[in-house]
Amino acid sequence: MKKSVLILCCVMAASALGSCGELGEKKSSRIASLSAPVTGITTTTKAIPAPAVTTAATDSRTEVKSPVHCRSIEFDGGYVLFANKDGTYTIMNSSKKAVKSLTLTDDQGDSVTIITDKNGIRCMLGEQEIYEFSYKGNSVWIIDNSVFFAGTRVEYYDNSFHSFAIYDGVVIECIGKNKFIIKEDGKKVDKASITDDNGVSYSLEAQSKGIWIVNSADELVLSVVINGKYIDVANDHIIVNGQNMVPPGANDISTATTTTTTTKKKEADPKDKETTTAKPTTTTTTTTAPQYDQWPEEEYTEAPEQPVVTESPMASNKNVGISENTEELLKLVNEVRKQYGLNELYGLALLDDACAIRAEETCEQFFENNETLIHSRPDGSGCETVVEEVGLPDWTAYCENLAYGMNSNWDVKDVFNAWMNSEGHRKNILNPDVKYMGVYCYKTTKDGNDYYFWAQFFYNDTF
């Protein structure tokens, strides 16, 4: 019997509708519970064009570009390898101190040592330098003083929340402790006009500390809701949906500074006949690991949680009654998402039901369409309609990965590794806009061959 494996993925942007082909328009409305001065806001999400996709000529994968970054790798024992601004790398131990090397056990059971020194970074297996090893199902490469994790270069990027676009043309930037500037069409301005989701107009005004929001009666307003985002400007802070704006680099990884003091005995000068006792001298050496602009921690005390709807209606059902396959795959997916600084995903029993429907439909269409995996459903609708069929709330983001194997003994980890080794599928797994995941494997026998169809579905219903 022949053996073959085919993988196909479908990528959808947040708030977009459709499959890998043409997009339709979908509208949904939600009521957000908000405090004064704005209440009863109705927000409408419209479909937006899907990202441009390119299909590899050698297979049936559909790939899409997405801005996924990786700036650190977490290893067992509390060790972290992270990229610095200057392109070098630092290894930090569980005490937040920089160390020269790290020895770990790879997936093959071998002891691998990563070393950083004046020559850059390298990896050793005993006395042999190696350039690739597998760690928890993901490839780690060290080539030309660059580190790659799961196919993505580990490099420095600033992930601090220091810039917020109210509109395309009006942007607030945090430039220091409680210091903000307003930019309109790329130019710094003292004030800008804004309109909240109730249609009320305000003036956004920069101050020496913080920013003011002023209404038409020349009264200060502490918070507004614009484009569904709750913006609070109280106490010289700016907080958007509960997230505090901070200066650039405020979230940079840094290690502790260590000081070493050594005492040396000074040799007696033979020419100095009166010298009978050597005088000790003390030399202090300070070693500082890469340090970036940091503001004192007390300056960024988190404000109380804002009264904005950020939790999904399905939150109370997360990870309840999910399948063993979903539970196992969630561990693998969340491990790699953690390395990329992404939110943890949860399972939903209803999403497992949706995956079961999609896996069986995929099998049915596979044999009807010359052994091709298709993301649309048998009735011609998009795969996202399965969300409504199982009773989940309307989606704000979704993506789907499909795979099948013939006469193969793939388990959850095998399928996960196959998806991670495909750029398009990996970007679905690393989609920052999703919150829940399910998976299902459907088996059928035809013409003496066993077929296994896998459906993985990612979903979010939270703005």
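The values are calculated or read from the model by the stated rules, or taken from the named source; none is laboratory data. If you're wondering where the values come from, they're calculated on a predicted model, not measured in any experiment. Every residue, glycine as well, gets a Cβ built from its backbone with ideal geometry; the counts of neighbours run over all protein chains shown. Only protein heavy atoms, including side chains, enter the accessible area calculation; ligands, DNA and RNA are left aside. Shrake-Rupley method; radii C 1.70, N 1.55, O 1.52, S 1.80 Å.
Criterion first (surrounded by 15 or more Cβ atoms within 10 Å (Cβ to Cβ) and either more than 30 Å from G120 (Cβ to Cβ) or free of Cβ contacts under 8 Å to residues at least 40 places away in the same chain (or both)) does D197 satisfy it? Answer is yes for this residue. Within segment 420-451, being in contact with a Cys (Cβ under 6 Å, 6 or more places away or on another chain) and either surrounded by fewer than 19 Cβ atoms within 10 Å (Cβ to Cβ) or not hydrophobic (A, V, I, L, M, F, W, C) (or both) holds for G424, H425, N428, N431, G438, Y440, Y442, T444.
Taken residue by residue, segment 151-164 has at least one member that is in a strand (DSSP E or B), within 30 Å of L329 (Cβ to Cβ) and among the β-branched types (V, I, T).
Each residue in segment 100-140 was checked for being acidic (D, E) and within 29 Å of the chain's Cα centre (by Cα), and 3 pass. Only one of the numbered conditions (1) open to solvent by less than 40 Å² (accessible area, probe 1.4 Å); (2) within 19 Å of M437 (Cα to Cα) is violated by E389, and that is (1). Hey, can you tell me all the residues within segment 116-150 that are assigned to a strand (DSSP E or B) and open to solvent by 70 Å² or more (accessible area, probe 1.4 Å)? Result: R122, Q128, E129, E132, W141, I143. The sole residue among D236, D218, D185, D190 that is open to solvent by 60 Å² or more (accessible area, probe 1.4 Å), of a type in the set (D, E) and modelled with pLDDT under 85 is D236. For segment 221-233, taking the residues that are crowded, with 16+ Cβ neighbours inside 10 Å and either among the β-branched types (V, I, T) or within 11 Å of I194 (Cβ to Cβ) (or both), the one that is farthest from the chain's Cα centre (by Cα) is identified as V221. On the given criteria, is E155 within 28 Å of I73 (Cα to Cα), surrounded by 16 or more Cβ atoms within 10 Å (Cβ to Cβ), of a type in the set (D, E) and touching a strand residue (DSSP E or B) at 6+ places or on another chain (Cβ under 8 Å)? Against the criterion (within 28 Å of I73 (Cα to Cα), surrounded by 16 or more Cβ atoms within 10 Å (Cβ to Cβ), of a type in the set (D, E) and touching a strand residue (DSSP E or B) at 6+ places or on another chain (Cβ under 8 Å)), E155 qualifies. The condition (being surrounded by fewer than 16 Cβ atoms within 10 Å (Cβ to Cβ), over 26 Å from F416 (Cβ atoms), in contact with a helix residue (DSSP H, G or I) (Cβ under 8 Å, 6 or more places away or on another chain) and of a type in the set (S, T, N, Q)) is satisfied by just one residue among S163, S94: S94. In segment 311-357, the qualifying residues are those that are of a type in the set (V, I, T) and under 19 Å from E388 (Cα atoms), and the one that is surrounded by the fewest Cβ atoms within 10 Å (Cβ to Cβ) is I357.
In segment 174-243, counting only strands (runs of 3 or more DSSP E) that sit wholly within it, none holds 2 or more residues that are of a type in the set (F, W, Y). Is segment 398-413 home to any residue that is hydroxyl-bearing (S, T, Y) and open to solvent by 30 Å² or more (accessible area, probe 1.4 Å)? Checking segment 398-413: not a single residue is hydroxyl-bearing (S, T, Y) and open to solvent by 30 Å² or more (accessible area, probe 1.4 Å).
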